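K.L.:
This structure is in structure tokens; I'll ask about it shortly.
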Amino acid sequence: MLGTKLQLPTYTLRSHTNPVTCLALIPNNRDPSLIPPNLISGDSKGQLIIWDLITRRPIYHFQECPKGQIVFIQILESATLPIVGRRNTTLIAILSKDHKLRIYSYDHMFNGSQNNIRCELRFHVPINTLNFANFTIKPMSFNDNHENECDEEEWFQLYCCNTQDSECIDVYKFKLDELHSLKRQVNALNLYPLIIDLIKIATTTTTTTTNDKTVKIKSLDKLGIIMKFVINPKNNVIYIGFESGFVIGIKVYDRLQVRRNDDSGHIQSSPNAIGKHVRTTNVNDSSGSGLSKLLKQAQPEKTQPTLSLANDQSVKTYQDIIEIVYVSSFHYPNPILDLEIKNDILLSSSTTGQLGIHNVSNLAMNNDTTLDSSEYRLSKYKDMNIIRRNNLQINNSNDNADSIDIKTTNINHIQQLNDFLLISNWKGETLVGSSSRVIKGEAFESLVNFSKVKSTVKIIDSSKGSLQNTSNEDRKEPKFCKIGCMIGISSLPAVENGNRLTSPSSLTPSSSVSLNVGQMRRITKFNNSSWCFIGYDDGSIALHELLKDKLIK
């Protein structure tokens with residue numbers, strides 16, 4: 001057992017009869033700044049349950065559950081959705097092992113003390129889930145340019161594995177409630193050919209540090225299958241973790257207009273660089289898959305509007321342009337197990353005990369940036385336009401400040417909170433450390449550990465039993481329940497204007513409707529603490545309270 005402090009769960013949620021494989025937090029649309037979120041959990045058989053974290057009871061069971069293990073759940077908060085007339089609607093995107101992504105609208109209405117929840121299926125699409133990789137979705141209005149926003153208010157972008165090759169990336173565009181709106185923007189993007197020159201340089205000049213051993217990067221013939229997607233909400237850069245241990249950041253621009261200044265040798269991005277009209281790609285896929293059939297029914301290509309900046313013949317428009325902004329080989333040759341990003345700090349984990357720390361701020365260009373042709377290179381890959389800086393190099397993170405030794409291996413779950421860093425491993429242990437110390441590059445110290453020991457009571461079918469046959473296997477160390485998923489939530493920050501719920505009297509009249517004194521007291525207690533939620537293979541969900549004053553001194 002790592003560390004010295006083992007803490008039992010504060011509470012335990014029980015309803016699943018199969019291993020819990022996915023957890024996510026749904027913001028409470030009544031008053032998310034005061035009322036804690038609800039918890040959604042999925043298991044290996046496709047069952048989905050929504051929990052009230054105050055009463056610690058299930059409040060909704062999905063009636064039509066997926067026919068397969070829940071792989072990943074992404075929540076699109078109502079405050080971030082650009083959809084007109086649906087500001088109080090949260091979207092829940094669920095990927096399951098039946099190779100289908102389903103998107104539900106989630107409405108939580110209150111009628112006195114009753115919870116009225118409505119989940120409505122709004123979109124579904126087949127997705128490759130052979131390697132258990134996740135996906136990421138973002139509203140199109142997250143792009144840097146917001147002109148013509150009314151034309152893109154209901155469009156979303158989906159990043160996922162290619163339908164036939166798990167080493168390649170697909171990017172789709174779609175509208176809710178319109179299955180035939182699905183359009184493929186990027187088809188089977190293989191990043192290996194786009195960085196092969198960097199890899200060749202790395203084979204002779206780059207080394208990476210793993211468990212205090214210096215390993216020279218050998219010549220690679222592929223990056224391996226995709227293990228993980230994560231998006232930086234600040235600049236919409238998508239980071240992809242691969243089986244080879246590489247982490248690559250890309251950004252997809254829907255439309256980019258550039259002006260080449262012959263006198264200066266510069267390529268200038270226009271103020272309207274990133275437009276809101278995306279080209280429809282004709283897909284000729286003879287595989288006969290469900291996704292291919294759906295794409296073949298896509299609407300015909302629309303005529304693009306003319307964007308006039310000036311009567312300058314040097315202006316050229318590029319569509320669906322992809323920028324490679326970051327490449328890291330820190331975990332090579334071990335596979336990426338998890339990626340987590342917060343405040344432009346990307347954390348990565350693998351089968352070793354090293355936690356990668358990547359500062360990824362200010363990597364992608366803005367739409368008002370003037371690009372120097374001597375600093376950027378524009379190339380063509382298949383039908384896609386690729387751009388990257390000429391000085392882009394593989395980040396090998398040899399500096400000790402860019403990595404931390406966690407003193408445990410096979411780190412498959414990472415969660416950054418305001419005060420804590422949560423780490424889980426394959427063995428079934430969860431370690432809690434100080435997030436600020438880790439980000440500063442200081443040594444990781446486990447403040448407290450969580451684990452759940454499996455029962456050691458042996459069940460013997462014979463009615464006679466046996467007191468003599470005691471093997472050495474019975475004397476082994478206890479085994480832990482395996483962790484299927486782990487997430488956390490930070491305590492609410494103190495706010496002087498009274499928006500912070502610190503006592504029952506601090507509730508505003510609008511937020512205190514249908515809340516009695518006991519409920520307000522429980523909400524206050526929940527908000528004052530950070531929490532760690534762990535889903536185990538026995539079907540239970542452990543809730544651990546994290547008190548900063550007691551753990552961090």
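K.L.:
From the list GLY535, GLY465, which one is at pLDDT 85 or above and either in a loop (DSSP other than H, G, I, E, B) or within 19 Å of GLY428 (Cβ to Cβ) (or both)? Walk me through how you get there before you give the answer.
P.N.:
Details: GLY465 fails: at pLDDT 85 or above.
GLY535 is the lone residue from the list that is at pLDDT 85 or above and either in a loop (DSSP other than H, G, I, E, B) or within 19 Å of GLY428 (Cβ to Cβ) (or both).
K.L.:
Pairs, please: C-beta under 9 Å, at least 6 apart or cross-chain, first residue outside any strand (DSSP E or B) and in the range 103-131, second among the hydroxyl-bearing types (Ser, Thr, Tyr) and at pLDDT below 85?
P.N.:
Filtered contacts from the range 103-131: GLY112/SER514; SER113/SER514.
K.L.:
Taking the condition of being acidic (Asp, Glu) and modelled with pLDDT under 80, how many residues in the range 76-112 meet it? Give the derivation first.
P.N.:
If we filter the range 76-112 for residues that are acidic (Asp, Glu), which is where we start, we get 77, 98, 107.
With the extra rule that they be modelled with pLDDT under 80, the set shrinks to 77.
Adding up the residues that qualify gives 1.
K.L.:
Please list, ordered by first then second residue, the pairs with beta carbon atoms under 7 Å, 6 or more apart or interchain, first in the range 354-374 and closer than 20 Å to LYS234 by Cα and open to solvent by 10 Å² or more (accessible area, probe 1.4 Å), second at pLDDT 85 or above and assigned to a loop (DSSP other than H, G, I, E, B).
P.N.:
As it stands, the answer is ASN359/ASP344; SER361/ASP344; ALA364/ASN235, since those pairs meet every condition given.
K.L.:
Additional query: Please pick out the residue among ILE26, ILE49, ILE35 that is over 18 Å from the mean Cα position of the chain (by Cα), modelled with pLDDT under 95 and among the aliphatic types (A, V, I, L, M). Step through it out loud before you land on a result.
P.N.:
Numbers: ILE26 fails: over 18 Å from the mean Cα position of the chain (by Cα); ILE49 fails: modelled with pLDDT under 95.
None of the others qualify; the one that does is ILE35.
K.L.:
With the requirement that a residue be outside any helix (DSSP H, G or I), hydrophobic (A, V, I, L, M, F, W, C) and under 21 Å from the mean Cα position of the chain (by Cα), what does the range 393-442 give you? Explain how you work it out, then say what you get.
P.N.:
Filtering the range 393-442 for residues outside any helix (DSSP H, G or I) gives 393-399, 403-434, 440-442.
From the residues that got through so far, the ones that are hydrophobic (A, V, I, L, M, F, W, C) too are 394, 404, 406, 411, 414, 417, 420-423, 426, 431-432.
Passing the criteria: ILE411, ILE414, LEU417, PHE420, LEU421, LEU422, ILE423, TRP426, LEU431, VAL432.
K.L.:
Please determine whether any residue of the range 164-182 is closer than 22 Å to ILE336 by Cβ, at pLDDT 75 or above and aromatic (Phe, Trp, Tyr).
P.N.:
Among the residues of the range 164-182, not one is closer than 22 Å to ILE336 by Cβ, at pLDDT 75 or above and aromatic (Phe, Trp, Tyr), which makes the answer no.
K.L.:
Looking only at residues that are out of contact with any Asp or Glu (no Cβ under 9 Å at 6 or more places or on another chain) and open to solvent by less than 40 Å² (accessible area, probe 1.4 Å) in the range 400-409, which one is nearest to VAL230 (Cα to Cα)?
P.N.:
Of everything passing the filter in the range 400-409, SER403 is nearest to VAL230 (Cα to Cα).
K.L.:
Hey, another quick one. For the range 418-451, name all the residues that are open to solvent by 10 Å² or more (accessible area, probe 1.4 Å) and out of contact with any Leu (no Cβ under 8 Å at 6 or more places or on another chain).
P.N.:
ASN418, TRP426, LYS427, SER436, ARG437, ILE439, LYS440, GLY441, GLU442, ALA443, GLU445
K.L.:
Just one of (1) assigned to a strand (DSSP E or B); (2) modelled with pLDDT under 80; (3) not acidic (Asp, Glu) trips up THR502, so point out which.
P.N.:
The failed condition is (1).
K.L.:
Pull out all pairs, ordered by first then second residue, where Cβ-Cβ is under 8 Å, the residues are six or more apart or on different chains, the first lies in the range 50-78 and is outside the structural domain of HIS108 (by the TED database), and the second is at pLDDT 95 or above.
P.N.:
As it stands, the answer is none, since no pair meets every condition given.
K.L.:
Now for a different question. Among all residue pairs at least 6 apart or on different chains, which show Cβ distances below 8 Å where the first residue, located in the range 411-440, is free of Cβ contacts under 8 Å to residues at least 40 places away in the same chain and the second is of a type in the set (D, E, K, R) and open to solvent by 10 Å² or more (accessible area, probe 1.4 Å)?
P.N.:
Short answer, once both residue conditions are applied: GLY433/GLU445; SER435/ASP419; SER436/ASP419; ARG437/GLU445.
The values are calculated or read from the model by the stated rules, or taken from the named source; none is laboratory data. Predicted model only: the values in this text are computed from it and were never measured. Don't worry about glycine lacking a Cβ; one is built from the backbone with ideal geometry, like all the others, and counts go over all protein chains shown. We work out accessible area using only protein heavy atoms, side chains counted, and drop any ligands, DNA or RNA first. Shrake-Rupley method; radii C 1.70, N 1.55, O 1.52, S 1.80 Å.
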